[in-house]
Amino acid sequence: MATNPKSRPSFSPGNRWKIGLDAVLRTVLVLAVAVMLNYLGAKFYHRFYLSPQTNVTLSSRTLTVLHSLTNHVTVTLYYDRKANFYSDIVALVNEYSAANPKISVRTVDYVRDAGEAEKMKEHYRLTAESDKDLVIFDCDGRWKVFPGEALTQYKLEQVPPDDPKQKELEFRRKPVLFNGELAFTSMLLALENPQPLKAYFLQGHGEPSLTDAGAWGYSTFGAVVQQNYVSITNLELSGSAAVPVDCNLLIIAGPTAPPAPPLSDQELQKIDQYLAQGGRLLVMFSIFSIQQPNGLESILQKWGVNVAADYVKDPQNTQDGQDVVVRKYSQHPVVNPITGNALQMILPRPIGKMNGENPPANAPKADEIAFSSASSTLAGDVSAPARSYPLVAAIEQKPIAGAANPRGNARLIVAGDSLFLGNHYIQGGSSGANRDFLNSALNWLLDRPQLVAGIGPRPVTEFRLLLTHHQQRQLRWLLLGALPGAVLFFGWLVWLARRT
């Protein structure tokens, strides 16, 4: 009987080497493709959003700040993840990180991660009971803490009663504006520039107070100035006190109620000297200075601006008959960011430029930048035909060859109203552009062109499902009874079919 020849082994040493080499080459090839895809994806990518909540577009001002950022910044969200607007805050800081990789983001849930929360409290000295829901910016051991509650603006809204016979009115706080981008960009500015610019707020003549949180107070005004990383301090020019040498911006707001003492000749002389040295001035008049001029009118005439002793009425662009809704602007860096939006000014005085004959080459350049509509009239001259009136002017002293001012080149903004930047109107009112105007005006006066493009608040879109008590009871039975019961019923049918 013939013997069977020995069969060749399936995995000879040669075959094993071939299979091993093939596996290694395939693995290397897959890894190389993965690395190349990740590299191309990091360099050339397109982002799309599955939810409008995460679709956040940063303003040009924020992108300018981010592109100039050179230090590493850690943003910590010390937050309860179930808190309102947490997802909006996460989406916003992720956009900051995507625009500049030097910004890293981490979250600490103080409710669910008590150990890490204790470390945060100790490191950032969070000792108060109210130190919750915070956004912390840390740069090389210097940090700024922003309360999350201050990121959102609210207004009171009446809640529809469940019972038509209910007489007691109910109200709730409705979120209307989200100011996260303005707050976060300001934090980055504060960390990048250890020494802020200084603004002085004139007091002693009936001006509003920076500590007054009432409707006509200027507490929000002061907060906006500080958010632009400009420190603001009260100033009185009585006695021998002069405008401080470190004053980068002088702010004069007209009185919000009569009677108000006018500026003395000595105080006017100090302001005139400050401007002659290249000072920066934001001055706002009010209706109360018509009967009792404060003296600034004559100084501003030297700078080519005339403040009329009257106020403007615009019956076709008003909310309550006392205000003027401004929608007409010229081309100027101060108002370009708010084009298409409206300023709401209260009983504003006309602010027009003076057209002198043959002005010298070094004369300051005055521009009218905000106007009422063509249907406007003056309250004190009802016989005059309706026309558009200038309400805000911007003045700039161009550099003069061979001359150098100790404070730089003078810049002024003159507005015919001071109430429009009070707490009530700067927080929104019915216009929405008053805060943006202040941001833009501050940065133009301080010659920060990269920051002139304002950061506006994001409107909050709210979806509410209103159900009566009967509808709520039906929905509860549907979710807790009908749906689970249907699943159990079909499961029983499947079990019965398999059994048979």
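All of (1) at pLDDT below 80; (2) crowded, with 24+ Cβ neighbours inside 10 Å hold for Leu442 with one exception: (1).
Could you check the stretch 237-345 for strands (runs of 3 or more DSSP E) lying wholly inside it with 2 or more residues that are touching a helix residue (DSSP H, G or I) at 6+ places or on another chain (Cβ under 7 Å)? Before the answer, list the steps.
Values: elements: 249-253, 280-284, 305-307, 323-326.
Qualifying strands (runs of 3 or more DSSP E): 249-253, 280-284.
Taking Ser238, is it surrounded by fewer than 18 Cβ atoms within 10 Å (Cβ to Cβ), touching a Leu at 6+ places or on another chain (Cβ under 9 Å), more than 21 Å from Leu445 (Cβ to Cβ) and not β-branched (Val, Ile, Thr)? Break it down stepwise before answering.
Working: surrounded by fewer than 18 Cβ atoms within 10 Å (Cβ to Cβ): yes; touching a Leu at 6+ places or on another chain (Cβ under 9 Å): no; more than 21 Å from Leu445 (Cβ to Cβ): yes; not β-branched (Val, Ile, Thr): yes.
In short, no.
Out of the residues in the stretch 215-229 that are outside any helix (DSSP H, G or I) and either polar (S, T, N, Q) or at pLDDT 90 or above (or both), which is farthest from Ile413 (Cα to Cα)? Steps first, answer last, please.
Within the stretch 215-229, the subset outside any helix (DSSP H, G or I) is 215-218, 228-229.
Then keep just the ones that are either polar (S, T, N, Q) or at pLDDT 90 or above (or both); that gives 217-218, 228.
Working: Gly217: 21, Tyr218: 18, Asn228: 17 Å.
This residue is Gly217.
Within the option set Ala98, Ala150, being in a helix (DSSP H, G or I), within 30 Å of Pro449 (Cβ to Cβ) and at pLDDT 85 or above holds for one residue only, Ala98.
Selection of the stretch 64-90 for residues being under 29 Å from Pro449 (Cβ atoms) and small (Gly, Ala, Ser) yields only Ser68. Across the stretch 155-177, not a single residue is classified as in contact with a helix residue (DSSP H, G or I) (Cβ under 8 Å, 6 or more places away or on another chain), modelled with pLDDT of 70 or more and not hydroxyl-bearing (Ser, Thr, Tyr).
If you take the residues in the stretch 244-302 that are touching a strand residue (DSSP E or B) at 6+ places or on another chain (Cβ under 8 Å) and among the aromatic types (Phe, Trp, Tyr), which one is nearest to Ala199 (Cα to Cα)? Within the stretch 244-302, the match that is nearest to Ala199 (Cα to Cα) is Tyr274.
Can you tell me which residue is modelled with the lowest pLDDT among those in the stretch 332-345 that are buried (at least 22 other Cβ atoms within 10 Å of the Cβ) and among the hydrophobic types (A, V, I, L, M, F, W, C)?
Taking the stretch 332-345 and keeping what is buried (at least 22 other Cβ atoms within 10 Å of the Cβ), we get 334-335, 337-338, 343-345.
Narrowing the set further to residues that are among the hydrophobic types (A, V, I, L, M, F, W, C) leaves 334-335, 338, 343, 345.
Values: Val334: 92, Val335: 91, Ile338: 84, Leu343: 91, Met345: 94.
In this case the residue turns out to be Ile338.
Asn234 meets the conditions (1) assigned to a loop (DSSP other than H, G, I, E, B); (2) more than 20 Å from the chain's Cα centre (by Cα) in every case but one. The failed one is (1).
Among the candidates Ala342, Ala366, Ala374, the residue that is hydrophobic (A, V, I, L, M, F, W, C) and without any contact (Cβ under 8 Å) to a residue 40 or more places away in the chain is uniquely Ala374.
Residue by residue, here is whether (1) under 21 Å from Ser209 (Cβ atoms); (2) among the β-branched types (Val, Ile, Thr); (3) surrounded by fewer than 18 Cβ atoms within 10 Å (Cβ to Cβ) holds:
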| site | (1), (2), (3) |
| --- | --- |
| Gln226 | yes, no, yes |
| Pro262 | yes, no, yes |
| Met284 | yes, no, no |
| Leu296 | yes, no, no |
| Ile299 | no, yes, no |
| Val307 | no, yes, no |
| Pro315 | no, no, yes |
| Ser330 | no, no, yes |
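The values are calculated or read from the model by the stated rules, or taken from the named source; none is laboratory data. All figures in this text were calculated on a predicted structure; none of them were measured in a lab. Quick reminder, even Gly has a Cβ in these numbers, built from the backbone with ideal geometry, and neighbours come from all protein chains shown.
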